There are 2 protein chains.
Amino acid sequence: MRRQISGFSNPTVKAIRALRDKKHRREERRFLAEGLRLLTDAREWGRIPEILLMAEGREPHPLLDALERAVDDAGGEVLELTPELLAKVTGKENPQAVAGVFAEWPTALDAIDRTAPLMLVAQALRDPGNLGTMLRTADAVGAGGLILLDDCADPFSVEAVRASMGAIFTVPIAKARWDEFLPWLRAGPSQLVGASLRKAVPFRRAAYQAPCFILVGNESRGLPEDYEAACDLRVTMPMRGRADSLNAAVAAAVLAYEVDAALRP
Amino acid sequence: MRRQISGFSNPTVKAIRALRDKKHRREERRFLAEGLRLLTDAREWGRIPEILLMAEGREPHPLLDALERAVDDAGGEVLELTPELLAKVTGKENPQAVAGVFAEWPTALDAIDRTAPLMLVAQALRDPGNLGTMLRTADAVGAGGLILLDDCADPFSVEAVRASMGAIFTVPIAKARWDEFLPWLRAGPSQLVGASLRKAVPFRRAAYQAPCFILVGNESRGLPEDYEAACDLRVTMPMRGRADSLNAAVAAAVLAYEVDAALRP
């Protein structure tokens with residue numbers, strides 16, 4: 001279905017714009033993603049927006065045509081807005097802008113692809129930018145997913161979606177509590193590897209085994225001691241400076257590429 | 001000198017609060033850093049705030065005493081504010097908060113410690129969070145500094161200082177244009193290694209040599225072609241996913257730890 005909308009008071013437009021507000025977004029369980037390339041990636045991965053937004057008079061593009069067809073086929077809606085209105089909804093002054101409203105998808109543990117050689121696991125990760133960056137890294141190393149333990153930032157938040165650079169659509173995501181995660185983990189082959197500053201093996205000399213679950217902790221507190229104790233392996237990276245810490249997403253990436261090299265030489 | 005200030009209209013307090021505004025901060029060439037641990041790290045590295053801010057009635061602490069003495073010795077100022085006023089200045093509701101106003105320091109190329117085995121170099125890096133994260137990584141791998149080429153984000157911005165987790169004080173920073181950097185680089189022993197998606201050596205199989213300068217490009221465009229051509233070595237990381245890219249600070253860190261392992265086995 002295709003509609004043209006020119007007024008800001010239109011209820012659909014209001015509802016979409018409200019998705020930029022965190023509380024409202026969580027209640028709606030919908031999120032906004034922007035850009036033709038991003039939406040095309042999403043489509044190829046089978047994620048079709050419920051609503052496709054674009055500016056009236058936008059130049060035609062074969063990828064946009066494909067997107068419109070996909071939205072139509074899925075029973076979604078295509079909204080043509082005036083450029084001014086679109087700019088208000090997306091917050092960007094780009095008349096070529098395209099945006100989509102997506103429904104969140106299920107994030108139970110069975111979303112994870114356990115046949116992959118490695119997985120990322122984050123515990124109480126608070127920064128949505130770090131979360132998005134970890135999704136992007138998970139995509140780059142071909143991880144079977146990102147598992148979010150305990151109280152993490154929201155992967156569908158504007159900041160996480162933006163930092164993921166499209167990986168929100170390509171990387172399986174699961175949310176779980178520790179006491180739910182651990183039995184699930186141990187129900188199949190698994191090596192749980194914790195990034196640690198305590199007694200640990202140098203990360204370049206550790207014996208990694210697939211499927212390897214790389215676990216990093218909260219940005220300020222690191223991993224709880226009992227979580228570390230449950231790991232099959234604790235690894236540490238050299239800290240040659242004074243600050244004695246790495247950004248959580250950076251630590252995950254350095255470890256992930258090390259595991260990648262060990263398991264896919 | 002020690003002063004107690006209770007009114008928000010005080011010109012010093014106004015000037016400090018204005019440092020949270022980007023334009024004003026740049027004109028003043030001063031920045032605000034917060035936290036006793038951070039300020040203590042700074043002191044140990046020889047960076048003393050011009051103005052030390054704390055709340056009246058704050059609990060005594062030996063590290064705070066040391067900080068006060070250092071500020072006094074350097075001819076700086078200690079301001080005691082009401083907790084309400086301090087919260088307004090720092091933007092944080094923490095009566096134990098301590099903050100310092102620092103003058104920026106010179107960022108010419110001779111700030112870099114070329115005796116270190118590796119250095120990080122960023123070209124047109126736009127995100128201050130990425131910049132701060134790269135400083136933190138540079139600290140962790142013991143790099144001789146971070147060199148910012150062309151039009152990068154401001155390392156003294158609130159976001160960069162925060163993301164650096166103190167590394168702003170410990171890692172030498174230089175700003176340079178490419179045509180200034182290249183002759184400086186070639187005036188001494190140097191291997192320039194570019195992170196590239198074009199024709200490049202797999203990063204795990206490259207022959208790194210100290211002092212190794214790891215060069216990463218802009219977040220969306222990567223490195224300009226002529227910059228890549230000037231590199232002694234172009235390296236690439238496996239991209240097994242669909243997005244075909246890594247966060248710039250993540251790419252720098254993965255490479256830096258690889259170089260670290262090669263040069264300091």
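Annotations for the structure displayed:
- Fewest-first sequence of A:CYS231, A:CYS152 by Cβ atoms within 10 Å of each Cβ: A:CYS231, A:CYS152
- Expected 222 nm ellipticity per residue - DSSP helices of 4 or more, -39500 (n - 2.57), all of chain B, to 500: -10000 deg cm²/dmol
- Residue mean of other protein chain beta carbons inside 10 Å, B:137-148: 4
- Dipole of the stretch B:109-263 [Lys/Arg +1, Asp/Glu -1 at C-beta], most positive-end residue of B:MET165, B:ALA122, B:TYR208: B:TYR208
- Shortest first, B:ASP110 label-point distances to identical copies amount to 6.8 nm, with the label point at 7 Å from Cα along Cα→Cβ.
- Of A:MET165, A:MET134, the sequence from fewest to most neighbouring Cβ atoms within 10 angstrom is A:MET165, A:MET134.
- Residues of type lysines that A:LYS175 reaches as a straight line, Cα spacing below 24 Å, ignoring anything fewer than 8 places off in the same chain: A:LYS22, A:LYS23
- The alpha carbon convex hull volume per residue for the stretch B:185-265 rounds to 93 Å³.
- Hits among aspartates and glutamates - C-alpha to C-alpha of B:LYS88 under 15 Å, sequence gap 8 or more where chains match: B:ASP21, B:GLU34, B:GLU56, B:GLU80
- Fewest-first ordering of B:MET237, B:MET119 by other beta carbons within 10 Å of each residue's beta carbon gives B:MET237, B:MET119.
- Quarter of the Cα convex hull surface for chain A, i.e. its orientation-mean projected area (nm²): 15.6 nm²
- Dipole magnitude for chain A: computed about the Cα centre from +1 point charges on Lys and Arg Cβ and -1 point charges on Asp and Glu Cβ, it is near 620 debye.
- Shape class of the stretch A:2-103 from the Cα gyration tensor (axes a ≥ b ≥ c, square roots of the eigenvalues): oblate, since a/c reaches 1.5 or more and a/b does not exceed b/c.
- Rh (Kirkwood; distinct C-alpha pairs) - the protein assembly as shown, Å: 25.0 Å
- About its Cα centre, the dipole of the stretch B:1-120 is roughly 520 debye, where the only charges are +1 on Lys and Arg Cβ and -1 on Asp and Glu Cβ.
- With label points defined 7 Å past Cα in the direction of Cβ, position A:GLU50 shows copy-to-copy spacings of 5.3 nm, given to one decimal and shortest first.
- Anisotropy class of the stretch B:101-157 from Cα gyration tensor, a/c 1.5 cut: rounded
- For A:SER196, net neighbour charge (Lys/Arg +1, Asp/Glu -1) across residues whose Cβ lies under 14 Å away: -1
- Cβ-vector label at 7 Å, B:ALA15, separations to other copies in nm: 5.4
Read-outs: derived from the displayed coordinates by stated rules, not from any lab. Quantities reported herein were computed from a predicted structural model and do not represent experimental measurements. Reconstructed Cβ throughout: ideal geometry from the backbone, glycine too, with neighbour counts over all protein chains shown.
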